[in-house]
Amino acid sequence: MFAVFKRDLVSYFTTPIGYVFMAIFLAINGGLFSLMTLQAGSQSSITGYFSMVTIILAIVIPVLTMKSFSEEKKQKTEQLLLTSPVSIGKIVAGKFLSIYTIFSGTFIFGTLFNFTVYHEFADSLYLWVVEDAKRAGAITKWDVFSHYALSIIGPTIAVLLIGAAFVAIGIFISSLTENQIVSLVGSIAILLCFMFIASFNNLIPFAPVRELLEWLSVYSRYANFLYGIFDPAAIVYYASICFVFLFLTVRVYEKRRWA
Amino acid sequence: MMHYVQDLFIIKCYTVRVKICQPIMGDKLMIKIQNLTKSFGRNIVLNNVSFEIGKGEIVGFLGPNGAGKSTTMNILTGFLSFTEGKIEIDGLDMFNFPNEAKKSIGYLPETPPLYPEMTVTEYLNFVYKLKGCKFDKKKHIEEILEVVKLTDVKDRVIGHLSKGYRQRIGIGQALIGNPKVIILDEPTVGLDPRQVVEIRNLIRTLGLTHTVILSTHILQEVQAVCDRVIVINRGKIVADKRTEDLASAVEGNRRLAVKICGPEKEVTQALRSLPGVYSAECLGNLDADSYSFVIESDSAIDIRKPMFALLARNGWPLIGAEASNVNLEDVFLSLINNTSASNAKKKRGSKKRNAN
C-alpha cells in the first residue's frame, strides 16, 4: 500500500497535473476568499466563501482523480499492480491516500493564508466593536478568537470530509473507464449532481422524494456547518460516501477479474 | 550469415543446457494446473486445460492469435480469475492464497507495465517495494540492471527510451524479488536481432535457476530456448511435448531451396524426374536470369549430387542451394489444422445426428 501511495504521490509532481491542480485550486480559492470577504465591504462573510468553495471542489478534484485508474488501465500498468502480492483494497487505499494528501495539503495551505489574512482584516473591521465590548467586559479575547476559530475550523473540517467523499467518487469513476477525459467530465457531472441534487426541490410536489433528495444532498448537510453547527451525522454521511465508493472501486476490479 | 552462426551457437548452448537440467527436472512440481476452464459470459476461452511444469523447466507456449495464451498467463499470474479448475504454484493454491502464490511469480505482460514518467531505477525501486522484497535493495537492483544490461540508462526517464529498452525493463521488473517462476508474454517482440539473441541467452540462463514460461509466435525461439512446448488452440491443449519430440514427429521430408539459370518448365520437369523427389515447385524468377525452386525429397536420399549432375548435363548453372529443414512452423500448422479439421468433422457429425 505504501509503495502505491508513494509512487502516485510522486507522480503528481513529476507530471504537470499536481502543479496544475495546486495552481488552479489556490488561485480560485484565494480569489473567491478575497471576493467574498476582503472586497465585499459590509456584505463581507466568511460563510459566503465556504458555501462557494465546495462547488470549486466538484470541479477541481476530478483533475486529480481522473488519471488514478484510467491511466493505469491505458498504460497496462494495472497488470503489474494486480499481479503483485498486494490486495486490491490496499491498492485502492494507496491511491486514495495519495490524492487525498495532495488535496488536503493544498486546501489546508490555502486556508492557513486565508485565516491569517481574515484575522487581520476582521480585527481592523470590527475593532471598535470588539474594543467597546472588551471594555464593557462583555467578551474576552478568547471569545473573539473562538468565534473566528468556529466560523473557520468547523467548515474547514467539513470541506476536508466532503473532499474525501469527492476523491472517492472520482476514483470510482476513473476505475470505470480508460479514457481520462471521460473520467474527468463524468466525475464533474456526478459531483455537481451530488452537490445540487436538492436544489430544485421546490419544484417537486412529492414530499418523500424531496426528503430523499435532501438526505442525499451533500450541500444540504454542509449548510449546518456554515451556521456554526458541528453536525456529527453529516460527518458520518461524508465518511460513508467515501467508504462506499472506495468499496465499489474494489468491486469493479474484483468483477473485472471474474468477467 | 551472422544470424545463422548465432543460431548455431544457441543450439549448442541449448543441448548443453538440457544435459545440465535433466537431473533437476521432475525434482519438484512448480506449477500444477488442473481442469482449468475460463469463460467470458458464454464465450469459453479455456476449456479443461491441465498441465504440470517442473522446477527448472523452460516451457514454450504456442498458439495462433486468440488461442488463449495470454488468458492462460493472466490467470496463472492472478490477473484474471478462472471459472473452474485448480491452480497451484509451488504448492500454494492460487484461489485460497493469491498473495502468497503471487510472491513466487514474476510476470512480463504483453505490453511491459511501465510508468513513462519514472526513471528506470525509480521504477525498479517501486516494483521492489510493491512486491515487498527483503533483500539488500541497492545490490539487488544493481544486479538486475546488470543482468538485463540497463546500467547505462538507469537514470533516464522510461518515456524517452526505445522499445528494446522498455522490453528489457519489463523483463528486469519480472526478475525483481528473485521469483521461482518467471512468466514472459512474448519477451522478444520489438527487439533488434542482436537483442533477441541476448534475451534468449538470458532466458536460458534464467532457466538454470528458475522455472520459465514464455509465450511466443516465433517458432525458432521455442526451438532455440524451450525444453518443452505446449501448443494451444481454441482454448485446448493440442500438444504437450519435449521440443525435440515435436520436431521429429513431422520430420520425414527433406527440403531444398535452389536457384538455377535455365528454362523454367524444362528444369521443373527434370527435377521432378530425379529419384526420391516428391515435388518440385518453381517460385518464380527473383533474379534477372535464374529461377528459384523448392524441392521436397525423401529423407533417406540425398538428391544434391544427382541434381548437380543432371543440371551440369543440361548446361543449366546451379547458382544457389540451401537446405531448409522441416521446422516447428510445419508442426505447428499441421497440429492446428488437424484440430480445426477434427472439430469441423465433429460439428458436421453432430449436425447429421440432429437431422436424424
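The simple spin-label model puts a point 7 Å past each Cα toward its Cβ; for B:Lys134 and A:Asn179 those points are separated by 4.7 nm.
Helix content alone sets the calculated 222 nm mean residue ellipticity of the protein assembly as shown: runs of n ≥ 4 DSSP H residues at -39500 (n - 2.57) each, divided across all residues, give -19000 deg cm²/dmol. Highest mobility in the GNM of chain A, judged by mean-square fluctuation with C-alpha springs under 10 Å and restricted to A:Ala168, A:Ala138, A:Ala27, is found for A:Ala138.
Report the calculated FRET efficiency for A:Val209 and B:Glu244 (r = Cβ-Cβ distance, R0 = 56 Å), to the nearest 0.05. Intermediate results must be reported in sequence, preceding the final value.
Numbers: r = 75 Å, r/R0 = 1.33.
Using R0 = 56 Å, I get an efficiency of 0.15.
Say R0 is 35 Å: what FRET efficiency, to the nearest 0.05, do A:Ser199 and A:Lys76 get from their beta-carbon distance?
Details: r = 41 Å, r/R0 = 1.18.
Computed FRET efficiency for A:Ser199 and A:Lys76 comes out at 0.25.
Be a star and scan the stretch B:201-237 for residues whose amide nitrogen sits under 17 Å from the point 7 Å along the Cα-to-Cβ vector of B:Val189. So the set is B:213-222, B:232.
List the chymotrypsin sites (Phe, Trp or Tyr not before Pro) within the stretch A:152-210 that fall in a DSSP loop (any state other than H, G, I, E or B) and whose Cβ has at most 13 other Cβ atoms within 10 Å. Could the numbers behind the result be given before it?
Working: sites: A:Phe166, A:Phe172, A:Phe194, A:Phe196, A:Phe200, A:Phe206; in loops: A:Phe200, A:Phe206.
Of the chymotrypsin sites (Phe, Trp or Tyr not before Pro), the ones in loops of the stretch A:152-210 whose Cβ has at most 13 other Cβ atoms within 10 Å are A:Phe200, A:Phe206.
Put simply, when B:262-268, B:171-177 are sorted by average Cβ atoms within 10 angstrom per residue, most first, you get B:171-177, B:262-268.
Can you pull the semi-axes for the stretch A:1-138, root of five times each eigenvalue of the Cα gyration tensor, sorted largest first, whole Å?
Equivalent-ellipsoid dimensions as semi-axes: 43, 15, 11 Å.
The fewest-to-most ranking of B:Ser215, B:Ser70, B:Ser39, A:Ser240 by surrounding Cβ atoms within 10 Å reads A:Ser240, B:Ser39, B:Ser70, B:Ser215. Using the Cα gyration tensor of the stretch A:203-258, with a ≥ b ≥ c the square roots of its eigenvalues, what is the shape: rounded (a/c below 1.5), prolate (a/b larger than b/c) or oblate (neither)? In terms of gyration-tensor shape, oblate. Of the beta bridges in the protein assembly as shown, as assigned by DSSP with both residues counted there, near 70 percent are antiparallel.
Simple spin-label estimate for B:Phe95 and A:Leu216 gives 3.9 nm between the two label positions (7 Å along the Cα-to-Cβ direction from each Cα).
Beyond 35 Å, what share of the Cα-Cα pairs of chain A is found? Please give it as a whole percent.
Values: 8085 of 33411 pairs.
The share of Cα pairs beyond 35 Å in chain A comes to 24 percent.
By its C-alpha gyration tensor, with a ≥ b ≥ c as the square roots of the eigenvalues, how is the stretch A:135-259 shaped: rounded for a/c under 1.5, else prolate for a/b larger than b/c, else oblate? It is prolate, given that a/c is not under 1.5 and a/b is the larger ratio.
The per residue volume of the convex hull around the alpha-carbon atoms of the stretch B:54-188 is 124 Å³.
What is the calculated FRET efficiency for B:Val157 to A:Asn224, with r their C-beta to C-beta distance and R₀ = 41 Å, to the nearest 0.05? Don't skip to the end; give the middle numbers.
Numbers: r = 49 Å, r/R0 = 1.19.
It comes out at approximately 0.25.
The alpha carbons of the stretch B:158-221 give a radius of gyration and a Dmax of 11.6, 33 Å, in that order. In terms of its C-alpha gyration tensor, the protein assembly as shown has a prolate overall shape, because the principal axis ratio a/c (a ≥ b ≥ c, square roots of the eigenvalues) is not below 1.5 and a/b outweighs b/c. When the C-alpha to C-alpha distance is required to be over 28 Å, the pairs from A:Lys67/B:Lys131; B:Lys129/B:Lys180; A:Lys74/B:Lys86; B:Lys131/B:Lys163; B:Lys28/B:Lys154 that qualify are A:Lys74/B:Lys86; B:Lys28/B:Lys154. Expressed to the nearest 5 percent, the antiparallel share of DSSP beta bridges inside the stretch B:59-218 is 20 percent.
Using a 10 Å cut-off around each Cβ of peptide B:111-119, what is the average number of partner chain Cβ atoms that fall inside?
On the way: counts 4, 5, 11, 4, 11, 5, 6, 4, 1.
Mean shielding count: 6.
Each value in this text was obtained by applying a stated rule to the coordinates, not by laboratory testing. Fair warning: this is a prediction, and the values are worked out from it, not measured in the lab. With ideal geometry, Cβ positions are generated from the backbone for all residues, glycine too; neighbour counts draw on all protein chains shown.
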